[in-house]
Amino acid sequence: MPQPYVVRYVGGPLDGRVDSLPSTPDDPKQTVTYVHLHGGPKIVHVYDLSYAVEYGCEYQLRAEEAERAEES
């Protein structure tokens with residue numbers, strides 16, 4: 001039985017989210033875009049792929065977006 005593949009999100013509104021995939025993707029997406037549509041202006045967050053030994057695949061909030069969040 002194959003080991004599930006864990007995808008973790010770091011930073012932004014998805015911080016701490018963990019998805020479990022049935023197997024390692026052949027070609028994981030290099031970026032993931034998360035869009036807020038909460039009755040106000042559309043807010044877009046971009047996560048970039050990186051690898052973590054503990055988790056396998058990890059998406060981290062794009063650096064310039066993290067800086068903007070800290071300034072607010």
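List every residue pair whose Cβ atoms sit under 6 Å apart, with the two residues 6 or more apart in sequence or on different chains, where the first one lies in segment 15-34 and is over 13 Å from Gln60 (Cα atoms) and the second, anywhere, is of a type outside the set (A, V, I, L, M) and open to solvent by 60 Å² or more (accessible area, probe 1.4 Å).
Between residues of segment 15-34 that are over 13 Å from Gln60 (Cα atoms) and residues that are of a type outside the set (A, V, I, L, M) and open to solvent by 60 Å² or more (accessible area, probe 1.4 Å), the close pairs are Ser20/Pro4; Ser23/Pro2.
Of everything in segment 40-61 that's part of a loop (DSSP other than H, G, I, E, B) and over 20 Å from Val6 (Cβ atoms), which residue is most open to solvent (accessible area, probe 1.4 Å)?
Filtering segment 40-61 for residues that are part of a loop (DSSP other than H, G, I, E, B) and over 20 Å from Val6 (Cβ atoms), the one most open to solvent (accessible area, probe 1.4 Å) comes out as Lys42.
The values are calculated or read from the model by the stated rules, or taken from the named source; none is laboratory data. Just so it is clear, the model here is predicted, and its values are computed rather than measured. Positions of Cβ are backbone-derived with ideal geometry, glycine not excepted, and every protein chain shown enters the neighbour counts. All accessible areas refer to the heavy atoms of the entire protein, side chains included, with ligands and DNA or RNA removed. Shrake-Rupley method; radii C 1.70, N 1.55, O 1.52, S 1.80 Å.
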